[in-house]
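**Student:** The structure follows.
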Amino acid sequence: MSEKRRDNKGRILRTGESQRTDGRYMYKYVNRAGETKVVYSWKLVPTDRVPKGKRDAISLREKEREIQRDLEDGIDTKGKKMTLCELYAKKTAQRSNVKKNTQTGRKYLMDALEQDRLGSRSIDSIKPSDAKEWAVRMKEKGYSFKTISNYKRSLKASFYMAIEDDYVRKNPFDFQLSEVIEDDSESRQALSEEQEEHLLTFLQQDTVYQKYYDDILILLKTGLRISELCGLTARDLDFENHTINIDHQLLRNQEGYYIETPKTKCGIRKVPMSEEAGKALQRVLKRKTGKSIQIDGYRNFLFLNQKGMPMVACNYTSALKNIVRKYNKYHEEPLPKITPHILRHTFCTRLAQKNMNPKNLQYIMGHSSIMITLNLYAHASQTGANMEMRSLIA
């Protein structure tokens, strides 16, 4: 019988284990791909002491148990050592043909990961507590709840890919974000009919901001996304059939203006043109002078700034902020914060309160899911609920 191998303390070494001349332990094994791999530790078992001046780590036997468990479960021991940044890059590479704003969002998330210590961690070492601590750090850095939630959703999807590829067993980002950080997002509140009337009356009478009257009226009477409004050209208007053709949107980034198709196929639609919206669009056409620049094959944009360049979302966001500030300065009952999206929200809520067929409303809004229409816009109000109940039981 051959003599069993022992370490320098006389302990029997198992198959694959050995001890180097410097005292460090080594374990050799074959991974799923048939490659020979080696791991090291200064400790054979957890109770061993690490030599003075050497970095502490888990013992060789603990590493062996992890390796054997991974091999039994089919875990890719090489893949699990990729960093979180590498995993996210691998996930996004699977769908590279995306819109520019999606590309920008991906870059922002990658930048955030690279600047945070979690980004360089191996994915097998990231626990739910680590992911939650990341969310807290993001909040402390000034990121909004909505942004953190979007980033978390992307990382959660990346880890599900890692699970399918047998890199890891669990998803550390599978937790409720609101249980970790406070959801301080401002809920979208539609303007009341009275507030809407006050806003439009103020715009009609104010010598500085009356130039935005038609733009804001059209948003309130069509429910267009602000990028869709900015992208409108004369050929998108069908006054004979009372419709507005929506098949593109105008955006701008650091590189300049560009045209994108709607986010989903449902965004391509023909929005009904009410009589009030039609008159406003006629006025816009009438006061339009000259031709604006051509952008990705589109020209003759309806909404231009003082320099003759197409208006974009940030222009209207800024204008609305100033409008509300001036209005509130001279009126006792202030208007709430108003953004282009709140105008769209107001349009949809108003139609929902008038019991418009939800599927028709979904089409007009260009929502990909009926649940978006119902959950985000068709908010019941106390007044509406009261009136409807009284009419039903009268």
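**Student:** Among the candidates ASP130, ASP124, ASP73, ASP165, which residue alone is more than 23 Å from GLN254 (Cα to Cα), charged (D, E, K, R) and loosely packed, with under 13 Cβ neighbours inside 10 Å?
**Tutor:** After applying the criteria, what remains is ASP73.
**Student:** Another one. Quick one: which of THR383, THR339 is among the β-branched types (Val, Ile, Thr) and at pLDDT below 95?
**Tutor:** THR383
**Student:** Something else: When the residues of the stretch 138-147 are filtered to those that are in a helix (DSSP H, G or I) and touching a Phe, Trp or Tyr at 6+ places or on another chain (Cβ under 9 Å), which remaining residue is nearest to ILE181 (Cα to Cα)? Working first, answer last.
**Tutor:** Let us first name the residues in the stretch 138-147 that are in a helix (DSSP H, G or I), namely 138-140, 145-147.
If we keep only those that are touching a Phe, Trp or Tyr at 6+ places or on another chain (Cβ under 9 Å) as well, we get 138-139, 147.
Numbers: MET138: 10, LYS139: 8, THR147: 12 Å.
Only one residue fits best here, namely LYS139.
**Student:** Now a separate question. For THR317, indicate whether it is in contact with an Asp or Glu (Cβ under 7 Å, 6 or more places away or on another chain) and hydroxyl-bearing (Ser, Thr, Tyr).
**Tutor:** Here the answer is no, as THR317 does not meet what is asked.
**Student:** Can you tell me which residue is nearest to GLN362 (Cα to Cα) among those in the stretch 262-316 that are free of Cβ contacts under 8 Å to residues at least 24 places away in the same chain and among the hydroxyl-bearing types (Ser, Thr, Tyr)?
**Tutor:** Restricting to residues being free of Cβ contacts under 8 Å to residues at least 24 places away in the same chain and among the hydroxyl-bearing types (Ser, Thr, Tyr), the top hit is SER292.
**Student:** Hey, any hits in the stretch 123-132 for a residue that's in a helix (DSSP H, G or I), at pLDDT below 95, in contact with a helix residue (DSSP H, G or I) (Cβ under 7 Å, 6 or more places away or on another chain) and more than 30 Å from GLY223 (Cα to Cα)?
**Tutor:** Yes, that holds for at least one residue.
Residue-wise test of (1) farther than 30 Å from ILE323 by Cβ; (2) of a type in the set (Val, Ile, Thr); (3) in contact (Cβ under 8 Å) with a residue 60 or more places away in the chain; (4) outside any helix (DSSP H, G or I).
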position: ALA162; (1), (2), (3), (4): yes, no, yes, no
position: VAL168; (1), (2), (3), (4): yes, yes, yes, yes
position: PHE175; (1), (2), (3), (4): yes, no, no, yes
position: ASP183; (1), (2), (3), (4): no, no, no, yes
position: ALA190; (1), (2), (3), (4): no, no, yes, yes
position: GLN195; (1), (2), (3), (4): no, no, yes, no
position: LEU199; (1), (2), (3), (4): no, no, yes, no
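**Student:** Can you find, within the stretch 322-332, the residue that is nearest to GLY256 (Cα to Cα) among those that are loosely packed, with under 13 Cβ neighbours inside 10 Å and without any contact (Cβ under 8 Å) to a residue 60 or more places away in the chain?
**Tutor:** Across the stretch 322-332, the extreme among qualifying residues is ARG325.
**Student:** Any idea which of (1) β-branched (Val, Ile, Thr); (2) under 26 Å from VAL168 (Cα atoms); (3) more than 40 Å from the chain's Cα centre (by Cα) is the one THR21 doesn't satisfy?
**Tutor:** Condition not satisfied by THR21: (2).
The values are calculated or read from the model by the stated rules, or taken from the named source; none is laboratory data. This is a predicted model, so every value here is computed, not measured. A quick note on method: Cβ atoms are made from the backbone with ideal geometry, for glycine too, and the neighbour counts reach across all protein chains shown.
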